[in-house]
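The values are calculated or read from the model by the stated rules, or taken from the named source; none is laboratory data. Values in this document were obtained by computation on a predicted structure and should not be read as measured data. All Cβ positions, glycine included, derive from the backbone under ideal geometry; neighbour counts span all protein chains shown. Note: areas computed on protein heavy atoms with side chains; ligands, DNA, RNA excluded. Shrake-Rupley method; radii C 1.70, N 1.55, O 1.52, S 1.80 Å.
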Amino acid sequence: QTVFIPRELDANEPRVAASPDTVKRLAALGFDVVVEAGAGLNSRIIDTDYASAGAAIGKASDVAKADVVLKVRRPGDAELKSYKPGTAVIAIMDPYGNDAAVAALAKAGVTAFSMEFMPRITRAQSMDVLSSQANLAGYQAVIDGASEYDRALPMMMTAAGTVPAAKVFIMGVGVAGLQAIATARRLGAVVTATDVRPAAKEQVASLGAKFLAVEDDEFKAAETAGGYAKEMSKEYQAKQAALTSEHIAKQDIVITTALIPGRPAPKLVSAAMVASMKPGSVLVDLAVERGGNVEGAEAGKVVTTANNVKIVGHLNVPGRIAASASLLYARNLFAFLETLVDKTTKTLAVNRDDDLVKATMLTDGGRVVHPNFVKADQ
Ligand code: NAD
């Protein structure tokens, strides 16, 4: 059976869904691997590296021969025309709010898997694309913030005088926020952080940063069984804003990463808070694609405010560190695909009763099958 890895068509997507390492592993599983020419270029992987690992270098139309397609982003209508029905397509499908695209996947007859729905259970840790990519995004957010900041981050004591350490505040300490704390600490900044989940407090302390939060009864109950944050009440949000506004005014770099599953990102930094910051301060909003945590942040832009504060709203932040992101993403996909293969016959044998399959399978046999997206009239 054949696995095909196409070149991503989205201009904003430099990542690729296979690495030379995973090509070798796929071949060892019994697959013929075909990589579209140039697929890895923006992740600094050249065709000869794939070829040496055992892949054939092909063209976009080779997708028609594929039993499995590994991708970063959901294939669009034009791409789907060449897919044969029954092909397993594994990617970040981003189905929320994209009903027509989900319907197109069903119509093409492909078995589409949404990697971002992988359950966060021990067995699936190696397949967790949200974590592997958020971890790198948290790192990159600090690098982006530091490069927009006109001063040094570490304290520097020199014969010519002392440069003070930068103050960095991380808002939202899930996977991205924790890595942002660690990265800012490594660069010598004085780091504080906030979150609404009590579990975050200890993690922040263990990384050597100071935790700041409104720790009332609502805070104590803010974590869902799945480990995510709940949307907080208006009253809590007001208390949180009162606590953080004074703090933000004194910060040099603020990095926001706060998300709530299935909801718009919470607004944590108002325009007034941005206006209270010193000239040259920087905000990096990692939630910008989900509506943003910072008022005034614009997706895909670095905004400079009237008081000379920069608000960084880069799109696809893991893609800004694509060579690293692709290696981890490729391993996540391989780890999942390995569970879909019968080791004796060395062929695809998708067990539709498996919890990982049930959680991620979006379309199958011409229909939308994921419970969150099935339409009554189907
Ligand atoms: P996320 O991307 O959904 O959100 C980022 C952070 O924003 C979270 O920590 C959240 O609590 C915080 N947040 C939400 N609203 C906020 C507000 N109003 N103010 C301040 N902060 C706010 O989170 P994530 O990185 O996906 O992590 C979610 C959870 O999953 C965490 O508990 C994490 O430890 C856990 N996790 C578990 C596994 C695993 O077991 N395999 C893997 C990864 C993450």
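Only helices enter this figure: runs of n ≥ 4 DSSP H residues, each worth -39500 (n - 2.57), summed and divided by the residues of the chain, yield -9000 deg cm²/dmol at 222 nm to the nearest 500. Taking the longest Cα principal axis of the chain as reference, the axis of helix 175-186 is set at about 50 degrees. Divide the volume of the convex hull around the Cα atoms of the stretch 124-219 by the residue count and you get 111 Å³ per residue. Normalised by the number of residues in the chain, the average gap of Cα pairs under 8 Å and 6 or more apart makes the relative contact order 19 percent. In a fully extended conformation the segment linking Ala64 and Asp94 would gain 8.5 nm over its present Cα-Cα distance, using 0.36 nm per residue. Modelled label positions at Ala359 and Ala152, each set 7 Å beyond Cα in the direction of Cβ, lie 4.6 nm from each other.
Starting from the Kirkwood Rh over alpha-carbon pairs, what translational D in µm² s⁻¹ does the stretch 227-378 have by Stokes-Einstein at 20 °C and 1.002 mPa s?
113 µm²/s
Protein heavy-atom accessible surface, 1.4 Å probe, per residue over the chain: 45 Å². Size of the stretch 288-378: Rg and Dmax of its alpha carbons, in Å, are 20.4, 65.
Here the chain exposes an accessible surface that is 54 percent carbon and sulfur, computed with a 1.4 Å probe and the other protein chains kept in place. For the residues Val23, Val214, a 1.4 Å probe over the protein chains yields an accessible-area ranking, largest first, of Val214, Val23.
Distance between the modelled labels on Arg120 and Asp49, one decimal in nanometres: 3.0 nm (7 Å Cα→Cβ projection). Available extension along the chain between Ala37 and Leu9 is 8.8 nm, counting 0.36 nm per residue and deducting the alpha carbon span.
Could the peptides 285-296, 88-99, 200-211 be put in order, highest first, of the mean number of other beta-carbon atoms found within 10 Å of their residues?
Taking the mean over residues of other Cβ atoms within 10 Å, the ranking is 285-296, 88-99, 200-211.
Here r is the Cβ-Cβ distance between Lys107 and Val303 and R0 is 41 Å; the resulting FRET efficiency, rounded to 0.05, is 0.55.
Hey, what angle do you get for helix 322-339 against the long axis of the chain, alpha-carbon based, 0 to 90 degrees rounded to 10? Approximately 50 degrees, to the nearest ten.
Between the stretch 172-240 and the stretch 5-43, the alpha-carbon centres lie 36 Å apart.
Which order do you get for Lys358, Lys71 if you rank them by accessible area with a 1.4 Å probe, largest at the top?
Listed by decreasing accessible area, they come as Lys358, Lys71.
Here the Karplus curve 6.51 cos²θ - 1.76 cosθ + 1.60, taken at θ = phi - 60°, turns the phi angles of the stretch 342-347 into couplings of 7, 5, 7, 7, 6, 10 Hz, with x standing for Gly and Pro.
Using every alpha carbon pair in the chain, what percent of pairs falls into each 10 Å bin from 0 up to the bin containing the largest distance? Going out from 0 Å in 10 Å bins, the chain shows 5, 22, 29, 23, 15, 6, 1, 0 percent. Here the spin labels are modelled as points 7 Å beyond Cα on the Cα-Cβ line, and at Lys250 and Arg185 they lie 2.0 nm apart. Averaging 1/r over every pair of different alpha carbons in the stretch 35-90 and inverting the result gives a Kirkwood radius of 12.1 Å. What's the FRET efficiency of Thr224 with Arg352 using the Cβ-Cβ distance as r and R₀ = 30 Å, to the nearest 0.05? Computed FRET efficiency for Thr224 and Arg352: 0.65.
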